[in-house]
Amino acid sequence: MIIKRLLLSLLIATAMISAAPAQDVHSLDDLSNTEIVAQATELHPAALYLLSSRLLAESKGQEAANWMYAGQLRYHLLITAGGTDAQDEGVLFSALSEQVGRPVNEYIAGDLDEWIAAMQWALDWDAANDNNITSKT
């Protein structure tokens, strides 16, 4: 478990370094869940995976799924947009999907209605909020 947490921290740090240069990459671990939610449109999608992981650890599975799917959607946009870091982003996305996504999916897949609700929440949240990391088009 310690190795998984270390790997996740390393992966998130890598994502933050490759994100927008103006972003303070060293403060993500210091942000509370509330602060991540408030800044979600400004943060790299890996931050939403971090939030999801924290929420799942707090036994808030539905919220964890909501934010994981929002992060997944934003990550797909980032990777599809391409650029010089697209391959690195793909590797990080795969690792986060395994380390965070798998446990969240295992939780949420137990109730089809909650699973659909989480995906719909992510779509609604994305539609209602700017994406300041990657263009939605």
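The values are calculated or read from the model by the stated rules, or taken from the named source; none is laboratory data. Being a predicted model, the structure only gives us computed values, none of them experimental. So basically every Cβ, Gly included, is an ideal-geometry build from the backbone, and we count neighbours across all protein chains shown.
Could you pull out every one of the helices (runs of 4 or more DSSP H) wholly within region 20-137 that has 3 or more residues that are modelled with pLDDT of 95 or more and loosely packed, with under 12 Cβ neighbours inside 10 Å? I'd like the intermediate steps shown before the answer.
Working: elements: 33-38, 45-57, 61-81, 86-96, 102-108, 112-128.
Answer list for region 20-137: 112-128.
Looking only at region 97-137, how many residues end up being over 20 Å from ALA46 (Cα atoms) and touching a residue at least 12 places away in the same chain (Cβ under 8 Å)?
The total comes to 3.
Which of the residues spanning region 46-92 are closer than 22 Å to ALA109 by Cα and in contact (Cβ under 8 Å) with a residue 60 or more places away in the chain?
ARG74
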